[in-house]
Amino acid sequence: AGLTYPERLNVVTELLDRHVFEGRGGRTAIIAGDLHWSYADLAEQVNRIANVLIRDLGMVAGNRVLLRAANTPMMVASYLAVLKAGGVVVATMPMLRAGELVYPIRKAKISLALCDHRLLADLEAAQAQAPELTRIVSWGDDATGGLDTLMRQPGYEDFTAADTANDDVCLIGFTSGTTGEPKGTMHFQRDILAICDCYGARVLKADPDDRFIGSPPLAFTFGLGGLVLFPMRIGAAMILPEKAGPPDLIDAIERHKASVVFTAPTAYRAMLDRLEGRDISSLRICVSAGEALPKPTFEAWAAKTGLPLMDGIGATEMLHIFIGAPRETIRPGATGLPVPGYEAKIIDEAGVECPDGTPGRLAVRGPTGCRYLADARQARYVLDGWNITGDTYLRDADGYFWYQARSDDMIISAGYNIAGPEVEICLLTHPAVAECGVVGAPCPDRGQIVKAYVVLRDGFEGNANLVKALQEHVKAHIAPYKYPRAVAFVTALPKTPTGKLQRFALREIARSEA
Ligand code: 3UK
């Protein structure tokens with residue numbers, strides 16, 4: 001995709017300051033409730049925070065700075081300020097508690113943190129077990145020595161961007177750790193532009209009058225790209241709702257006339273049940289990532305809104321989406337084609353490429369491929385520039401990639417290989433099912449049996465008749481041997497902070513119940 005960036009590159013010059021120099025400073029950058037910041041307003045806030053980092057907090061280029069906040073304007077400004085000052089952002093999910101914050105602080109050797117005052121308690125508690133964190137500065141509380149006061153100092157409105165190299169590390173994203181310790185993935189200044197210029201320009205194709213909205217936290221690179229980087233690359237606006245659950249998202253889309261939305265398949269399904277009498281006709285682009293998008297969800301969204309859901313698989317390792325499809329070439333049920341600039345292939349256990357139509361492990365190579373932070377797993381998961389994902393996929397004869405399962409989500413029952421997600425998709429087409437998770441439960445006869453954990457829609461009761469009906473539904477629609485021999489009704493499913501179903505947690509539950 002012709003991605004050559006100058007050797008010296010500070011992304012904040014390209015994403016933010018350029019709009020101001022080139023006369024677009026008056027355009028809206030951020031909308032949050034009643035607050036509106038223009039690009040010029042945002043540029044000034046960023047400069048003020050960058051000055052505080054360097055002049056008051058002793059940060060030097062290359063230092064790692066932890067950020068802890070929900071998706072707020074100050075979180076965006078702090079993020080950009082660390083980048084502009086040449087630092088390395090380590091953003092943490094707002095819902096992490098003290099115990100979960102200790103690992104990234106120690107692993108990334110963090111001494112300085114900026115934190116929304118509402119989330120301070122857990123960070124301070126983590127500090128007790130992470131002595132390397134010596135300084136936490138909060139905002140929002142007008143504390144003496146807090147960020148708000150420091151930012152107001154005279155002469156802080158201008159700041160010269162640090163002279164960074166295009167391959168200087170500028171962010172470390174921690175994976176949600178579905179298996180083992182979270183891995184720190186390191187990304188360069190140029191990676192930030194690369195995702196905008198590959199996925200953003202070639203697949204998403206939004207325009208400067210679009211208004212972006214969505215639910216993923218900015219500490220999750222899905223949210224960072226979709227809500228901050230893609231709009232800023234083209235001078236568009238981002239809407240940051242205070243809460244971003246499905247009902248709040250609908251409210252904010254309606255109120256602020258959002259046109260581009262980034263969220264996960266679960267949120268699209270939850271929104272579908274709440275669209276009666278609502279006007280979301282401002283939407284024109286809807287991106288789904290984080291988990292597989294079932295075809296029935298694609299179809300239901302298209303039927304209600306007239307819009308295709310754009311599926312895309314991304315990963316913290318690759319920074320953002322690397323397989324997806326522009327609106328005109330979507331195949332419902334498939335994830336799509338490699339994003340221009342990326343290559344993808346399917347390999348077997350020995351690393352040999354599989355023929356089309358044969359499932360195997362998905363591997364990907366491209367401009368944003370990752371280096372793990374001090375991690376022996378680098379040797380296992382990155383081979384010859386290819387990132388080896390944990391996903392089983394197949395490629396069809398037309399080059400489209402079809403998701404099968406996470407490699408460790410395959411159920412082996414009486415010798416049959418059954419992909420849990422395939423059974424989930426089928427169950428989701430039953431009117432009683434709101435959400436479900438399907439895993440293997442230990443069984444002395446069959447090795448494993450297929451067990452479904454089901455959250456019911458309002459108005460349905462989980463009883464033996466419904467179990468039978470769900471089993472019949474699966475047998476009628478996919479190969480009968482895949483039907484769930486066990487069905488349990490639950491009020492909620494275990495999720496990661498990034499909103500993914502934790503099948504390993506369900507497997508643990510299934511094991512303990514067996
Ligand atoms: C799964 C999908 C099927 C898949 C992410 C967009 O999810 C993101 O990053 P994570 O590191 O997880 C990566 C894993 O999540 N996955 C994501 N999208 C899909 N599976 N279909 C999809 N469309 O297992 C992958 O290996 O949390 C997503 C942008 C940036 C991201 N970091």
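The values are calculated or read from the model by the stated rules, or taken from the named source; none is laboratory data. The structure displayed is predicted, hence computed values, not measured ones. Neighbour counts run over all protein chains shown; Cβ positions are idealised from the backbone, glycine included. With ligands, DNA and RNA removed, areas are computed over all heavy atoms of the protein, side chains included. Shrake-Rupley method; radii C 1.70, N 1.55, O 1.52, S 1.80 Å.
Screening Ile418 on (1) closer than 20 Å to Gly290 by Cα; (2) crowded, with 21+ Cβ neighbours inside 10 Å shows it passes everything except condition (1).
Residues in region 151-202 that are among the aromatic types (Phe, Trp, Tyr) and either over 18 Å from the mean Cα position of the chain (by Cα) or under 15 Å from Gly86 (Cβ atoms) (or both): Tyr156, Phe159, Phe188. Restricted to region 1-36, and to residues that are open to solvent by 40 Å² or more (accessible area, probe 1.4 Å), hydrophobic (A, V, I, L, M, F, W, C) and touching a helix residue (DSSP H, G or I) at 6+ places or on another chain (Cβ under 6 Å), which residue is nearest to Tyr342 (Cα to Cα)? By that ranking, first place goes to Ala1.
Number of residues in region 458-474 that are open to solvent by less than 70 Å² (accessible area, probe 1.4 Å) and in a helix (DSSP H, G or I) equals 7. For region 483-511, the set of residues classified as in contact with a strand residue (DSSP E or B) (Cβ under 6 Å, 6 or more places away or on another chain), among the aliphatic types (A, V, I, L, M) and not in a loop (DSSP other than H, G, I, E, B) consists of Ala486, Val487, Ala488, Leu501, Leu506, Ala510, listed by residue number.
Residue count for region 276-316 under the criterion of being small (Gly, Ala, Ser) and over 20 Å from the mean Cα position of the chain (by Cα): the result is 7.
Taken as a whole, region 171-184 holds no residue that is away from the ligand (no atom under 14 Å from the Cβ) and either outside any loop (DSSP other than H, G, I, E, B) or assigned by TED's automatic domain parsing to the domain that holds Cys370 (or both).
Residue-wise test of (1) in contact with an Asp or Glu (Cβ under 9 Å, 6 or more places away or on another chain); (2) of a type in the set (A, V, I, L, M, F, W, C).
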| site | (1), (2) |
| --- | --- |
| Asn51 | yes, no |
| Met59 | no, yes |
| Leu66 | no, yes |
| Tyr79 | no, no |
| Gly86 | yes, no |
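Tell me, please, whether a residue that is open to solvent by 30 Å² or more (accessible area, probe 1.4 Å), in contact with a Ser or Thr (Cβ under 8 Å, 6 or more places away or on another chain) and either touching a residue at least 24 places away in the same chain (Cβ under 8 Å) or not in a helix (DSSP H, G or I) (or both) can be found in region 255-274. Yes - at least one qualifying residue is present in region 255-274.
Taken over region 437-451, the criterion of being touching a residue at least 40 places away in the same chain (Cβ under 8 Å) and open to solvent by 10 Å² or more (accessible area, probe 1.4 Å) is satisfied by Pro442, Cys443, Lys451.
Would you check if there is a residue in region 29-49 being closer than 24 Å to Thr185 by Cα, assigned to a helix (DSSP H, G or I) and touching a residue at least 40 places away in the same chain (Cβ under 8 Å)? The answer is no, given that none of the residues of region 29-49 is closer than 24 Å to Thr185 by Cα, assigned to a helix (DSSP H, G or I) and touching a residue at least 40 places away in the same chain (Cβ under 8 Å). When the residues of region 215-252 are filtered to those that are of a type in the set (Asp, Glu) and in a helix (DSSP H, G or I), the one that is most open to solvent (accessible area, probe 1.4 Å) is Asp251. Counting only strands (runs of 3 or more DSSP E) wholly contained in region 389-435, no element carries 1 or more residues that are more than 12 Å from the ligand (Cβ to nearest atom) and in contact with a Leu (Cβ under 6 Å, 6 or more places away or on another chain). Taking the conditions (1) within 23 Å of Ala43 (Cα to Cα); (2) part of a loop (DSSP other than H, G, I, E, B); (3) within 16 Å of the ligand (Cβ to nearest atom); (4) out of contact with any Ser or Thr (no Cβ under 6 Å at 6 or more places or on another chain) in turn, Ala292 satisfies each one other than (1).
One line per residue, one yes/no per condition, for (1) among the acidic types (Asp, Glu); (2) within 9 Å of the ligand (Cβ to nearest atom); (3) outside the structural domain of Cys198 (by TED's automatic domain parsing):
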residue	(1), (2), (3)
Asp311	yes, yes, yes
Ala315	no, yes, yes
Met318	no, yes, yes
Gly324	no, yes, yes
Gly333	no, no, yes
Gly341	no, no, yes
Cys354	no, no, yes
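Pairing each residue of region 390-403 that is assigned by TED's automatic domain parsing to the domain that holds Glu422 and of a type in the set (D, E, K, R) with any residue that is at pLDDT below 95 and within 14 Å of the ligand (Cβ to nearest atom), provided the two are 6+ apart or on different chains, yields no C-beta distance under 8 Å.
Within region 292-309, the residues that satisfy the criterion of being touching a residue at least 60 places away in the same chain (Cβ under 8 Å) and either buried (at least 20 other Cβ atoms within 10 Å of the Cβ) or of a type in the set (Ser, Thr, Tyr) (or both) are Ala292, Pro294, Thr297.
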